[in-house]
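Chemist: Starting off with a structure, shown below.
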Amino acid sequence: MKPETLAIHASNLVKNTTGDVTPPINLSTTFFRDENGGYPGGHMYSRVSNPNRSALENTVAKLEYGEDAAAFASGNNCGMSLFQALKPGSHIIAPDDMYWGIKKQLLTIFNETLEFDFIDQTDLNLIEKSIKPNTQLIWIETPSNPLLKITDIEEIAKIAKAHHITLACDSTFASPILQNPILLGADIVMHSSTKYLGGHSDVLGGILVTAKKDELWEKIKNIQQTGGAVPSPFDCFLLCRSIKTLAYRMKGHCENGKKVAQFLVNHPNVEAVFFPGLATHPQHEIAKKQMKDFGGMMSFLVKGDVDATSKVVNSVKLFAQATSLGGVESLIEHRYSVEGPDSKTPKNLLRISIGLEHVDDIIADLEQALG
Ligand SMILES: *Cc1c(COP(=O)(O)O)cnc(C)c1O
């Protein structure tokens, strides 16, 4: 089945006894055993598994062409669980432009148990050179946050395979509709389902999908089920509901995104635009090769200092000035002030998540804010 069809049908392929067309929310934390001690419903206790979470995991595993998936209570918890599954002393090659919250885990939680380097992963030679005997994981994020850098998944997968290193890809900005890292050779894909999968800024979650149920994956599933940072049945229900429209929402985000990027490129008060769909983007050709379309995320530099940038971000009327991304409503954010003084993000950078409002209204708002 095509992604549009899978997204609608994968979460409710099983007919249940009450005949619901839309699957119910199964709030029960525990499930009946039979005379032989078995679990006829296939579930024992809802931390380990429950029908709504299984539906979500099956759907996203299919959309990402993986063998299995593990849903967590947040996107960040995907990073936590994968890092916890590595042998102490392992070395990780991570990107220099990386989702700040997961980078913070390495710097402040795993700093005594793991080794890591943050490098420019658009440089394949540098990746090769950074490999050590104890390198166990290459973590990539493409498109990256907040500079929208693109890393070549297929080429990095070749390097990882040759050295028996696991390749994990944070594919949140792309969603499973625009990019499928497993098809390009990645071992694990990660999504913050808080973003495009949820799509309505009302549910927090994360999900890992694996190409193969290998030893590392068994450890990750154990951390999910025994560690217990799992999403509630209601969160899983909301995500399954949202995923049904994912393919069509992505079409709208992509269509609006391209028009907004073009508007910003031509605006005299904009110094630079970071959007992989622009022919001038340094990795545009790689983006074209590995993505079906370019999404609705972009960043731009306001001409002027931090005050000029604050003025723009404080003048928007339609955009909500808030962190996060991937929802139906357009969001704008001054990344530097979210990330704090250690951040390398330029002080005049604004990150925008283009929503599904009419593109003329989105552009009109940016136009009046930019002056
Ligand atoms: C939001 C985000 C995360 C973290 O997800 P949460 O659901 O907020 O914990 C990780 N990676 C990227 C690229 C994100 O945008």
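The values are calculated or read from the model by the stated rules, or taken from the named source; none is laboratory data. Quantities reported herein were computed from a predicted structural model and do not represent experimental measurements. Glycine also receives a Cβ, built like all others from the backbone with ideal geometry; neighbour counts cover every protein chain displayed. Calculation scope for accessible area: heavy atoms of the full protein, side chains included, ligands and nucleic acids excluded. Shrake-Rupley method; radii C 1.70, N 1.55, O 1.52, S 1.80 Å.
Chemist: Hey, does segment 265-280 have a residue that's closer than 30 Å to Ile25 by Cβ, out of contact with any Cys (no Cβ under 8 Å at 6 or more places or on another chain) and either buried (at least 16 other Cβ atoms within 10 Å of the Cβ) or modelled with pLDDT under 95 (or both)?
Modeler: No, the conditions are met nowhere in segment 265-280.
Chemist: Going by the structure shown, is Leu114 without any contact (Cβ under 8 Å) to a residue 24 or more places away in the chain and not hydroxyl-bearing (Ser, Thr, Tyr)? Step through it out loud before you land on a result.
Modeler: Details: without any contact (Cβ under 8 Å) to a residue 24 or more places away in the chain: no; not hydroxyl-bearing (Ser, Thr, Tyr): yes.
Judged against the criteria, Leu114 is not a match.
Chemist: Of the residues Ala162, Ala157, Ala85, Ala174, which is near the ligand (Cβ under 10 Å from one of its atoms), on the phi < 0 side of the Ramachandran plot and modelled with pLDDT of 95 or more? Break it down into steps so the answer makes sense when it comes.
Modeler: Values: Ala162 fails: near the ligand (Cβ under 10 Å from one of its atoms); Ala157 fails: near the ligand (Cβ under 10 Å from one of its atoms); Ala85 fails: near the ligand (Cβ under 10 Å from one of its atoms).
Unique residue meeting the criteria: Ala174.
Chemist: What strands (runs of 3 or more DSSP E), lying completely within segment 184-299, carry at least 2 residues that are in contact (Cβ under 8 Å) with a residue 60 or more places away in the chain, of a type in the set (Val, Ile, Thr) and within 16 Å of the ligand (Cβ to nearest atom)?
Modeler: Hits in segment 184-299: 188-192, 206-210.
Chemist: Counting just the residues of segment 314-343 that are under 25 Å from Ile119 (Cβ atoms) and touching a residue at least 40 places away in the same chain (Cβ under 8 Å), which one comes out most open to solvent (accessible area, probe 1.4 Å)?
Modeler: Across segment 314-343, the extreme among qualifying residues is Val338.
Chemist: How many of the residues in segment 103-134 are hydroxyl-bearing (Ser, Thr, Tyr) and either at pLDDT below 95 or in contact with a helix residue (DSSP H, G or I) (Cβ under 9 Å, 6 or more places away or on another chain) (or both)?
Modeler: 2
Chemist: Tell me whether segment 203-223 contains one or more residues that are in the same structural domain as Ala85 (by TED's automatic domain parsing), surrounded by fewer than 24 Cβ atoms within 10 Å (Cβ to Cβ), among the acidic types (Asp, Glu) and touching a Lys or Arg at 6+ places or on another chain (Cβ under 9 Å).
Modeler: no
Chemist: Say whether the condition of being free of Cβ contacts under 8 Å to residues at least 12 places away in the same chain, closer than 27 Å to Ala247 by Cα and open to solvent by 30 Å² or more (accessible area, probe 1.4 Å) is met by at least one residue in segment 32-52.
Modeler: Within segment 32-52, none of the residues are free of Cβ contacts under 8 Å to residues at least 12 places away in the same chain, closer than 27 Å to Ala247 by Cα and open to solvent by 30 Å² or more (accessible area, probe 1.4 Å).
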